[in-house]
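Each value in this text was obtained by applying a stated rule to the coordinates, not by laboratory testing. Note that the structure is a prediction, hence the values are computed from the model and not measured. A quick note on method: Cβ atoms are made from the backbone with ideal geometry, for glycine too, and the neighbour counts reach across all protein chains shown.
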């Protein structure tokens, strides 16, 4: 068997991830749930080792052989692009391939709230899209870049590890740089990006204090910066960024973040009634009140309250959006309760809205 056979099945089943492990069957993740593949043979160590060498490019293969794990992007004609993670486990090779959907879906196609479009139409400052792995951050940021590309003339520079979704020039010029191929690392790429006359900078992930510092500086000097973090809500996102800085720099970091930040969108994916998945979004929009809560460490814990009371600005908490998704019959009560930040309070809100049962 060839890896294409497994990827073809992943696409045919409209799955999101393919898991290949020696000593058992392959698995696909469909609408968030793992399912065993019965249509294809079990895998042995020689199969997964061969698959790894097929999908890894030269740089990634060297990294895998020296460090026992590697990531890259892999394209198959007629099937699409996949984000690949290859690793050693119990002496054999394992692979997880995530399907990257072709093209750029619109905000309406993704069912994202209007505030997402409003954030994409900013011309300067910092917008963050956050959530755990597999929550749809790549799809949302691609929709933002696609919207900018289709609606205004600008120079968009992306710095990614690896490049997942390809963007063709439309009204904008799009230059996509991949770590390890086009540049050594995020820090080096961000150090030189200002000399490339960018209007929009997309940073695949803010991983360390150097990347965060460069992103804040770019946002404060008139660029529009989009990036992602693996955080679960807006308050945690702010605290995670600030915790990267040593104590003696945190006061200045708070002021820089408060000045640069335009908004945060946090995502959780839920099964959609009838099939597929839908994103629940917590949205924070910068206001003078939010500015004060970020700048003052004693008030940062009050950010969620500001979000819950900020509907006029397009803000919403997870639980507010979940209530809307349940009211419009897009998700079940059970799934909404599971995803809710405060399940007890959410149940009370459902009862108060007359939606129980």
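Structure data summary
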| item | result |
| --- | --- |
| Ranked 62, 199, criterion: other C-beta atoms within 10 Å, fewest first | 62, 199 |
| Order of 6, 313 - criterion: other Cβ atoms within 10 Å of each residue's Cβ, fewest first | 313, 6 |
| Length-normalised contact order of segment 108-316 in % [C-alpha pairs under 8 Å, at least 6 apart] | 25 |
| 222 nm mean residue ellipticity, helices alone, for the chain (DSSP H n ≥ 4; -39,500 (n - 2.57); rounded to 500) | -11000 deg cm²/dmol |
| Coordinate range along principal axes, alpha carbons of segment 108-316, Å, largest first | 51, 43, 28 |
| D_trans [Stokes-Einstein, Kirkwood Rh over alpha-carbon pairs] for segment 70-204, 37 °C, 0.692 mPa s, µm² s⁻¹ | 204 |
| Unit Cα scatterers, Debye sum, segment 212-336: log10 I(q)/I(0) for q = 0.11, 0.15 Å⁻¹ | -0.43, -0.73 |
| For segment 172-213, alpha-carbon Rg and Dmax in angstrom | 10.2, 30 |
| Relative contact order of segment 1-132, pairs being alpha-carbon contacts under 8 Å that are 6 or more residues apart, as % | 19 |
| Cβ-based exposure ranking for 356, 282, 210, in which fewest neighbours within 10 Å come first | 356, 210, 282 |
| Largest to smallest principal axis extent of the C-alpha atoms in segment 3-100, angstrom | 35, 27, 21 |
| Expected-Rg normalisation [2.2 N^0.38 Å, Cα atoms] applied to segment 74-116 | 1.73 |
| The chain: relative contact order as a whole-number percent, Cα under 8 Å and 6+ apart | 13 |
| Translational diffusion coefficient (Stokes-Einstein; Kirkwood radius from C-alpha pairs) of the chain at 10 °C, 1.306 mPa s, in µm²/s | 73 |
